[in-house]
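Written out below as structure tokens is the structure these notes cover.
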């Protein structure tokens, strides 16, 4: 077995193959070279006709033949149909949700527009000022501006 | 990494194209169902898993982006996770309700032990991770790179699981008296 081999490498690159590696590959992937790592198939095919290679493949092939006997029936029409129906329901529901969100979005945009419009009106429109101030005769900086009693007294 | 043969189809499914939905079901259902049947050893449960796996596809198709794995690897991973959920539940149920395991071979009405039945039982008898590896590489005919990506392990770890799994299968089948 290759040490430190990464997923990206996939397999070894060396062209030649020894019996040990050949046996390890057969033990893992079985006797059919089509299941072997792509990069090692060619080297495996070169080694395979040897006596050792044939013995290893025969041994692995015995289990392969047993495994091949276990077949799974193709999916029946009912299952196929129910999966398609579920898909139909899902996509219809998704379209409805999209419309719903679209409606909600439009309503939101409308509401936001109304709020923005109100805000704009309140900013742009100048504050209404009265034409003149009606001053309370008593509201001066000096407080009560009524005729000075003392002055009246003096006049008397 | 090479191009993903399913990428364009999944994109169309994500857009809600009914023809793409049909094509995807025709292309993937046999694989997904076979994977679930062999993982669970129960055809009815496998059908439930297949339906659930497709619901996940419909939900994720519009958002699916190829990362490190192909779509086929992703849906295999999803299916395996769904199988594991069921295996866990089954184990809990067996532990909770049955004091001891029943040997199906001992049942008087058991069918004649055909080779396929023996292999099916042998597959259920090995460690789930070894079973996964063998199913992906042997039955699903995944490349070692895709199988390792699906199982999220290195190639070395995959080869180790495969070797140990095949050895275990051989031992079980030999014990079962089926080896020639």
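Value of Rg to Rh for chain B, rounded to two decimals, is 1.01; Kirkwood radius and Rg both from alpha-carbon coordinates. Axis of helix B:18-40 versus longest Cα principal axis of chain B: the two differ by about 20°, to the nearest ten degrees. Largest GNM mean-square fluctuation across B:165, B:125, B:67, computed for chain B with C-alpha springs under 10 Å, falls on B:67.
Take each of the peptides B:54-64, A:65-75, average the number of other beta-carbon atoms within 10 Å over its residues, and list them starting from the highest. Show your work: numbers first, answer last.
Numbers: B:54-64: 17.5, A:65-75: 15.8.
Highest mean packing first, the order is B:54-64, A:65-75.
Rounded to the nearest 10 degrees, the inclination of helix B:43-60 to the longest alpha-carbon principal axis of chain B is 20 degrees. Shielding of peptide B:147-157 by partners, expressed as the average count of other chain Cβ atoms within 10 Å per residue Cβ, is 3.
Inside 10 Å of the C-beta atoms of A:88-94, what's the mean count of C-beta atoms belonging to other chains?
Values: counts 4, 2, 8, 9, 1, 1, 4.
Shielding by partners across A:88-94 averages 4.
Using the Cβ-Cβ distance between residue B:7 and residue A:112 with R0 = 41 Å, the FRET efficiency computed as 1/(1 + (r/R0)^6) comes to roughly 0.60. Label zone of residue A:119 (point 7 Å out along Cα→Cβ, amide N under 14 Å): in the stretch A:68-109 this covers A:109. The order of the peptides B:128-137, B:155-164, B:38-47 by mean Cβ neighbours within 10 Å, most packed first, is B:128-137, B:155-164, B:38-47.
Cβ-to-Cβ counts within 10 Å put A:76, B:176, B:72 in ascending order as A:76, B:176, B:72, the fewest first. A simple spin-label model places pseudo-atoms 7 Å from Cα toward Cβ; at residue A:85 and residue B:48 they are separated by 1.8 nm. The distance from the alpha carbon centre of the stretch A:26-85 to that of the stretch B:15-33 is 26 Å, rounded to a whole number. Angle of helix B:155-175 to the longest C-alpha principal axis of chain B, folded into 0 to 90 degrees and rounded to 10: 30°.
Shielding of A:79-85 by partners, i.e. mean partner chain Cβ atoms within 10 Å per residue? Walk me through the intermediate numbers first.
Working: counts 9, 7, 1, 4, 14, 7, 0.
Per residue, the average neighbour count from other chains is 6.
Each reported figure results from applying straightforward, stated rules to the coordinates on display, with no laboratory input. Computed from a predicted structure; not experimentally measured. We place every Cβ from the backbone using ideal geometry, glycine too, and count neighbours over all the protein chains shown.
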